[in-house]
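Contents: one structure, followed by commentary.
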Amino acid sequence: MPLLPIDLQTLFTQTNQVGREQAVQKDTIPQQQALQGAQMVQKNAQKDASVTQTQNTEEGAESIRDRREKERRKRQAARGRPKGEAEKKAPPASEKFSDPALGRKIDVSG
């Protein structure tokens with residue numbers, strides 16, 4: 001299929017437009033990558049500035065106390081004592097400690 005002079009004339013007038021389109025297509029990929037990079041930087045900055053929620057809350061003071069209590073109960077069960085008996089032997093918190101070597105009366109006039 002031969003090219004006619006009118007076809008060549010039309011093609012030559014469009015070369016500037018084709019060149020611009022090719023330049024735009026060539027530049028869009030780096031621009032998209034730069035935009036994605038800027039978005040990632042913004043997300044990371046937002047994560048750094050925000051307060052993060054704790055992931056593992058099991059290793060706190062309460063869990064250590066609970067673990068020690070479980071270990072104590074296991075030791076008592078291994079000794080053959082029932083749970084209620086160990087609790088009965090412990091003095092109540094309202095009972096005061098008194099030393100028999102010390103006197104009970106205080107000389108205020110002194």
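None of the figures in this text is laboratory data; all of them are computed from the coordinates on show. Predicted model, so just to flag it, every value in this text is computed and none were measured. Every residue, glycine as well, gets a Cβ built from its backbone with ideal geometry; the counts of neighbours run over all protein chains shown.
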Given points 7 Å out from each Cα along the Cα-Cβ axis, report the ARG79 to MET1 separation in nanometres with one decimal.
10.1
With a Förster distance of 22 angstrom and the Cβ-Cβ distance between ARG67 and ASP99, calculated FRET efficiency to the nearest 0.05 equals 0.05
How many nm is it between the label spots at THR54 and GLN36, if each spot is 7 Å from the Cα in line with the beta carbon?
3.8
